[in-house]
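A short write-up of the structure that comes next.
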Amino acid sequence: MKLPWLRATWQALMQAAQNQRLSHGLAIIWNPQLGSDRLLDQLSQWLLCQHSEGQMKACGQCKSCLLWHAQGHPDYHRIGDNDDSSIGVDAIRQLQQRLSTSANQGGHKVAVIAEAEKLTVAAANALLKTLEEPPAATTIIVASRRYQALLPTIRSRLQYYPVTRPGITQLAQWLTQYGEQPVNATETLRVWCDAPLTALERLGQGTLQSANSMAGVLGGETPDTKSWASKEGALGALDDMERLLRDTLCYQQTHNESLLIDADGLMQSGLVGDTREPVATSALNDFLQQCHQLRARLRQQSGLNTQLAIQQLLNQLRQLAQR
């Protein structure tokens with residue numbers, strides 16, 4: 001499956017590499033629903049490949065590429081993917097120790113820090129020392145949902161590569177191609193431009209046009225609780241909650257509606273408003289953590305009452321909105 005909106009970022013990375021200007025510290029937006037994980041994987045494999053010099057992609061055949069495809073490359077290190085609410089200094093120190101040794105394959109070493117906005121201050125300061133004095137032949141990729149949330153000192157040591165979202169027309173064409181059914185380029189697609197992979201799943205489920213159901217429910221609509229009975233439906237509800245919460249956090253920090261995934265939905269939800277006291281950032285982050293924990297349970301446990309679990313979370317979200 002091709003993700004054409006990632007092409008511009010990849011070309012910028014390859015252009016920097018061709019001109020020998022690719023930094024040892026890179027920053028890329030982390031948004032799995034946008035396909036950024038595929039970009040991170042493609043870049044990591046290319047950096048580790050033994051025959052990638054002068055090429056736009058990894059060879060796929062050298063020993064390093066074979067180790068990559070076997071998901072056991074000893075010179076690739078990734079942290080930050082678990083459901084912990086923060087990335088502590090111990091995780092960074094362990095990463096530093098791994099990077100300080102010689103490359104197992106005699107080539108490059110790559111470290112990816114996913115959800116880097118979760119770095120504690122101590123962890124960020126420890127990472128800063130590594131970025132200031134990086135080990136030889138090492139690339140550190142800092143992937144954050146909110147790049148501006150990183151410490152300014154960290155940002156100053158990174159080469160930033162944004163990931164452009166698809167426009168409505170491009171998204172409609174892509175959904176039509178991979179969803180194997182016609183999708184019109186209408187304004188209702190705008191909410192999905194930041195989450196095209198989720199949009200493709202919703203298209204297959206026949207719920208693409210439901211936009212952010214949680215925003216509507218908080219605004220007074222009756223929830224479609226039947227859809228939460230399946231694991232897929234429950235995960236979709238969690239996607240909606242998390243997207244709404246991230247918009248809330250973004251709006252509180254910037255008050256710029258153009259940066260939001262679904263500005264209309266956020267205003268409808270009641271989580272923000274000129275006459276309301278802002279929801280505490282700590283409360284929003286705590287709720288996001290609960291969403292992450294439930295997502296992990298949905299993936300690991302069988303027999304879970306998904307309707308009840310989503311309803312309980314929804315009740316807590318309503319309390320935040322009705323504070």
Review point. Ranking 65, 59 by Cβ neighbours within 10 Å, fewest first, what do you get?
Key: 59, 65
Review point. Where the centre of each part is set by its Cα atoms, how far does the stretch 115-140 sit from the stretch 1-72, in angstrom?
Key: 20 Å
Revision key, fill the gap. Close lysine pairs (the chain; alpha-carbon distance under 19 Å; 8 or more apart or on separate chains) counted at 5
Practice item. Please work out whether the stretch 58-102 counts as rounded, prolate or oblate from its C-alpha gyration tensor, where a ≥ b ≥ c are the square roots of the eigenvalues and a/c under 1.5 means rounded, while otherwise a/b larger than b/c means prolate and anything else oblate? Key: oblate
Revision key, fill the gap. Percent relative contact order for the chain, counting Cα pairs under 8 Å at least six residues apart, stands at 17 percent
Exercise for review: Using only the alpha carbons, work out the radius of gyration and Dmax of the stretch 38-193 in angstrom.
Suggested key: 18.5, 53
Point to revise | Reference-scaled alpha-carbon Rg (2.2 N^0.38 Å with N residues) for the chain | key: 1.05
Point to revise | Dipole of the chain, positive end: most advanced residue of 44, 162, 317 [Cβ charges, Cα centre] | key: 44
Exercise for review: Grab the beta carbon distance between residue 151 and residue 185, set R0 = 41 Å, and tell me the FRET efficiency rounded to 0.05.
Suggested key: 0.55
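Quick check: residue separation of residue 221 and residue 290 times 0.36 nm, minus the Cα distance between them. What number comes out in nm?
Numbers: separation 69, 0.36 × 69 = 24.84 nm, distance 2.34 nm.
Computed gain between residue 221 and residue 290 is 22.5 nm.
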Revision key, fill the gap. Once the dipole of the stretch 4-161 is set up from charges on Cβ (+1 Lys and Arg, -1 Asp and Glu), the residue from the list 101, 18, 137 lying farthest towards its positive end is 18
Exercise for review: Treating only the Cβ atoms of Lys and Arg (+1) and Asp and Glu (-1) as charged, compute the dipole magnitude of the chain about its Cα centre; round to the nearest 20 debye.
Suggested key: 700 debye
Check your understanding: With the dipole of the stretch 211-321 worked out from charges on the C-beta (+1 for Lys and Arg, -1 for Asp and Glu) around the Cα centre, which of 307, 249, 222 lies farthest toward the positive end?
Key -> 307
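Where a number appears in this text, it was derived from the coordinates with a stated rule and is not lab data. What you see is a predicted model, and the numbers here were worked out from it, not measured in a lab. Quick reminder, even Gly has a Cβ in these numbers, built from the backbone with ideal geometry, and neighbours come from all protein chains shown.
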